[in-house]
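Worksheet: one structure, shown below.
The values are calculated or read from the model by the stated rules, or taken from the named source; none is laboratory data. Predicted model only: the values in this text are computed from it and were never measured. As a convention, Cβ positions derive from the backbone with ideal geometry for all residues, glycine included, and neighbour counts pool all protein chains shown. Side chains included, ligands, DNA and RNA excluded: accessible areas come from the protein's heavy atoms. Shrake-Rupley method; radii C 1.70, N 1.55, O 1.52, S 1.80 Å.
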Amino acid sequence: MTNPDILADRRKKLEAIRQLGVNPFGRRFSDVTAAQSIHIAFDEKEGDTVRMAGRVTALRDHGKTVFADIVDRSGKIQVFLRKKDLADDFEIVKNLEVGDIIGVEGVVGKTRMGEVTVFAVKVELLCKSLRPLPEKWHGLKNVEIRYRRRFLDLVSNRESMEVFLKRSKIITELRKVLDSTGFLEVETPMMQAIPGGATAKPFITHHNALGLDLYMRIAPELFLKQLLVGGLERVYEIGRCFRNEGLSTRHNPEFTMLELYQAYGNCEDMMTLCEKLIESACGAVSDTTTLNWQGEEIDLSPPWPREKFTELIARETGINPWDEKAARELLESRDIEAPSEHAFVLEELFDEFVEKKLVQPTFVVEQPVELTPLCRPKPDDERVSDRFELFIAGMEFGNAYTELNDPDLQRKFFEQQLERKSEETVGKLDEDFLVALEHGMPPAGGMGIGVDRLVMLLTGMETIRDVVLFPLLRPRRDETDEDGE
C-alpha cells in the first residue's frame, strides 16, 4: 500500500510549485527530439541545442546540480540540471520527484564518465505526479497489476513498451503488403442483427432506440463478401471481433482479426499471400525469419508444407479417420464425449492428437465440409473443403478458403448448420447475404489471420495478455493498492 505520508508530501510539493507561480500541470512543449535519436546520432547532434520531454525515472541530487533520467517512448537519456545554468528554474528542479513529467531544453554532450547527456539551460514542469511509481519502477513484476494498470507496466517495464511498439509495426507492415498488392481497407459493422462468418457464441447487446437485440460481430466475413458482389475485388479489414468464450493464455474474448478477400483467387493464392504477410511482418521487427518461441526454434521462411487433415490424424493415431467406429472409440478412450457427427469427431481427434505437434509453419488442408459451411468443396472429393488452417507452435494462426459462391449450396449448408441447434447459432438464416450471393459473387479466396497470436509469436510472448494493451480480466478480489504496490 502507498504510504499516506508519501502522498501528503507530494501534495506539499505541488503547493510549493504553485507558490513559485508555476502551473504544475504544464502546457504545450513542442519540437521535441526523441531520446533514442540523440544516442543514435550523437556524433551529428553533439553541441546542438535540443528540446525533449519525458517522465523522470531517477534523480541524483548533488546540491547545486541534479542528474535526472528522462524516459520517453523511444528510450532513456540523462539530463544535467545545474543551478548556475537554470537560475530561477532550479527551484522547480528542487521540487521534482520520480514520476514527474518535464520538458527540457539543452545542449547535447557527454559527461566526464562518457555518458550521453543533455545539459539543460531551461526546464519546464509539464505534469506533477501525485502518486509514486511502483517502488521497483524499473521492473514491475506483479502480473495482475501489469494487466490491470497497463500504464504502470509501460512506464516500469521497457520490455512491455517494446512489445507494443512492435505490435504497431507488425500491423503497419500487414497493411503495407496488402495496400501494395491492390487491396482496399474497409470497415464493416461491429453490431450485427445476425452473427455470421464463424462458429462461435456471440455477445448480445441492445439498441434502445430500435428496441432491438444485436450481436457483437464474431467475424466480418459476410459483409466483406457482399463487397465482392458490389465490385470491390480485393478488400480487407483489421478490426475487433468478439466471441463469448473462455479466457486462456491463447484466447481473449475481444481480439483483433485481419480478414481479406480476393476476387478470382482461391485457396492456393491465399497460401502464397499468407506466407508473404507473415514473413514481411517478421521482417518488420526482426532481422531473421528464425525465432525462438518457448524453447522451440521456428523457421518462418517460406514455402511451408501442406498436410492433409485426415492424413495427419492417421499418422498420429494409427487409425483410418474415415472409419467412424474406430475414430469414435479412440476419442472415447480419452474420456472425451464423441459428437454425433463424424466430421466433429475428426475435429476432436485433430485437437487431441495433432495440433500441439505442428510446431513448424504448416498448412493443414482438406477438412471435412461440415466444419466449413462457407467454403467450396474440393471438386475431386466433396467430403472435404478447399481450405487451409495455418498452424505454428501448436497454435492456429490463420484460416482460408476457396470461397463458396453457389447461393443454393450455401443455403443448404446454412440450413444444415441450423439443424444442429448449437448455442453458437441464433436460429436465423442471413437472407441479406444469400440475396447478395444470388446477384453473383465472383470466385474468390478469403483468409483470416489472428493478429494477437501473430504478435505473440513474433515478440516471443507466452500469453495473449502480454500483447493486448487492456485484456479482459476477472473482477478484483484483493485489496491491492491502485498504484500496484
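Observations on the model:
- Leu152 within 24 Å of Ala263 (Cα to Cα), open to solvent by less than 40 Å² (accessible area, probe 1.4 Å) and in a helix (DSSP H, G or I): no
- If only residues of region 166-192 that are under 30 Å from Gln417 (Cα atoms) and open to solvent by 60 Å² or more (accessible area, probe 1.4 Å) are counted, the one that is modelled with the highest pLDDT is Glu187.
- The residue pairs whose first member lies in region 175-202 and is free of Cβ contacts under 8 Å to residues at least 40 places away in the same chain and farther than 15 Å from Gly448 by Cα, whose second member is of a type outside the set (Val, Ile, Thr) and assigned to a loop (DSSP other than H, G, I, E, B), and whose beta carbons are closer than 6 Å, counting only pairs six or more residues apart or on different chains, are Gln192/Arg217.
- Inside region 56-68, residues that are loosely packed, with under 15 Cβ neighbours inside 10 Å and among the small types (Gly, Ala, Ser) make up a count of 2.
- When each of Lys276, Lys325, Lys356 is tested for being basic (Lys, Arg), under 24 Å from Phe183 (Cα atoms) and not in a loop (DSSP other than H, G, I, E, B), the lone residue that passes is Lys276.
- Residues that are in contact with a strand residue (DSSP E or B) (Cβ under 7 Å, 6 or more places away or on another chain) and on the phi < 0 side of the Ramachandran plot within region 42-53 comprise Phe42, Lys45, Glu46, Asp48, Thr49, Val50, Arg51, Met52, Ala53, listed in sequence order.
- If you go through region 310-348 and keep only what is within 15 Å of Pro368 (Cβ to Cβ) and among the hydroxyl-bearing types (Ser, Thr, Tyr), you end up with Thr310, Ser340.
- A count restricted to region 61-77 and to residues that are farther than 18 Å from Asn157 by Cα and within 38 Å of the chain's Cα centre (by Cα) stands at 2.
- For region 226-282, filtered to residues that are of a type in the set (Gly, Ala, Ser) and within 30 Å of Ile204 (Cβ to Cβ), the residue that is surrounded by the fewest Cβ atoms within 10 Å (Cβ to Cβ) is Gly246.
- The residues of region 69-87 that are open to solvent by 20 Å² or more (accessible area, probe 1.4 Å) and in contact (Cβ under 8 Å) with a residue 24 or more places away in the chain, listed by number, are Val71, Asp72, Arg73, Ser74, Lys76, Phe80, Arg82, Asp85.
- If the condition is being among the polar types (S, T, N, Q), crowded, with 19+ Cβ neighbours inside 10 Å and more than 34 Å from the chain's Cα centre (by Cα), then region 326-367 contributes no residue at all.
- One residue stands out among those in region 377-391 that are of a type outside the set (A, V, I, L, M, F, W, C) and either modelled with pLDDT of 95 or more or closer than 16 Å to Leu454 by Cβ (or both): the one that is surrounded by the most Cβ atoms within 10 Å (Cβ to Cβ), which is Arg387.
- Residues of region 221-265 satisfying the condition of being β-branched (Val, Ile, Thr), at pLDDT 95 or above and under 24 Å from the mean Cα position of the chain (by Cα): Val235, Ile238, Thr256
- Among the residues of region 32-55, those that are part of a strand (DSSP E or B), touching a residue at least 60 places away in the same chain (Cβ under 8 Å) and open to solvent by 20 Å² or more (accessible area, probe 1.4 Å) comprise Thr49, Ala53, Arg55.
- Checked against the criterion of being among the hydroxyl-bearing types (Ser, Thr, Tyr) and at positive phi, region 263-279 has at least one qualifying residue.
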